[in-house]
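First up is the structure itself, then whatever we jot down about it.
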Amino acid sequence: MTLREWLHRLWGTFRRSRTDRDLEDELQIHLELAADEERRRGTPDDGAVRAARLRVGAVAQATEAQRDQRGLRWLEDLMRDLRYASRMLARSPVFTLVSVLSLAIGIGANCAVFSFADALLLRPLGVPRPGEVVTVGSSLPPLQRTLVASYRDYVDIRDRSRSFNGLVAFTECSAALGVKAGSLPKPTIGLLVSGNFFSVLGVEPELGRAFRSDEDLVAGRHPVLVISHDLWERQFGADPAILGRMVRLSGVDFTVIGVAPRGFVGLDRYTHYEFYTPLAMWPRLESDRATRPLEMRDVRRLTIKGRLASDTTLAQAQTELSVIAKDLARAYQDTNRNTLLTVRTE
């Protein structure tokens, strides 16, 4: 069917009443002409009309056949069904109200569930080439699905492994953030990260810089901070002069050196982090002063992530990690833990 025929039928569908009247008038004229012709042949008046109807055929059937050719039958049926449904719903307003509310709640709930699943499960990590990012660590009971490591483990794995283009370590940190002198600190959550965190992940700060390698070497020496884009806009009004500004985290003065790019909120799909500071600052932000997180091998609160080297498969990386685990087990007489060292895709 050509476009012109489609347009003609569509026009005939929406101008149906006028088209039907014209069609009925046309068929009536044909019927009268046929009756006149029968009368000229000598047929009585009543017989002429009957003979004309037999020759022309049933008017109703002819009208229906012509209507199918002049319009879009499926569209006419749909419009008829909609009119019928509207009349039925208008007759039962209570039923209509309950039905509409039920549909609205059901559709809204489905949309909310899908949006939640999309944000947490379907969207990739907000870093370049997220398919290369894997998790490394030990799976310990009861956290069978969570891979964890201590800082000493991270250093050993980082220095011995050759299957990755880089390995980063980080852990969650809750702190009271004071943005102005004398202002009431507000609870916030961020990440303590290894110095190579941004460079390995391929994330460039929108403003300022990332951490230097020397800022993550000596415990507590370099209190520097990269803040999230959302925190920059919300608490500092997106002020470009934020660099070099002092803020307080749990009573410790930090210097803002950078602003993370918009949309980057860490590597956890469930939590959006507000700040990033070197792991070397962990002892000063640790609430339990007796804990030495950078020294104690049994403080396994770090997550290790890395990028697989381009010529390395996941199986090859796992084989290398198994060898490293055995070496660590022998070195530290810890056969119960390091033999569980594994690598897992995101």
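The values are calculated or read from the model by the stated rules, or taken from the named source; none is laboratory data. Computed from a prediction, not measured in an experiment: that's the story for all the values here. Here the Cβ positions follow ideal geometry from the backbone for every residue, glycine too, while neighbour counts run over all protein chains shown.
For ASP153, indicate whether it is over 20 Å from ARG292 (Cα atoms), part of a helix (DSSP H, G or I) and in the same structural domain as ARG284 (by TED's automatic domain parsing). Judged against the criteria, ASP153 is not a match. Quick check on ASP159: is it crowded, with 22+ Cβ neighbours inside 10 Å, in the same structural domain as ASP216 (by TED's automatic domain parsing) and under 26 Å from ASP311 (Cα atoms)? So ASP159 does not fit the description; no.
Being modelled with pLDDT under 60, in a loop (DSSP other than H, G, I, E, B) and not charged (D, E, K, R) is the filter here, so list the residues in segment 104-133 that pass it. Matches in segment 104-133: PRO124 only. The selection criterion, being in contact (Cβ under 8 Å) with a residue 12 or more places away in the chain, among the small types (Gly, Ala, Ser), surrounded by 13 or more Cβ atoms within 10 Å (Cβ to Cβ) and in the same structural domain as PRO185 (by TED's automatic domain parsing), does not hold for SER213.
Residue count for segment 301-323, restricted to those that are of a type outside the set (Val, Ile, Thr), loosely packed, with under 13 Cβ neighbours inside 10 Å and farther than 10 Å from VAL343 by Cβ: 2. Of all residues in segment 213-255, those that are out of contact with any Gly (no Cβ under 7 Å at 6 or more places or on another chain) and not in a helix (DSSP H, G or I) total 23. Please find, among LEU184, LEU225, the residue that is within 20 Å of ARG284 (Cβ to Cβ) and of a type outside the set (D, E, K, R). Testing whether each residue is within 20 Å of ARG284 (Cβ to Cβ) and of a type outside the set (D, E, K, R) leaves just LEU225.
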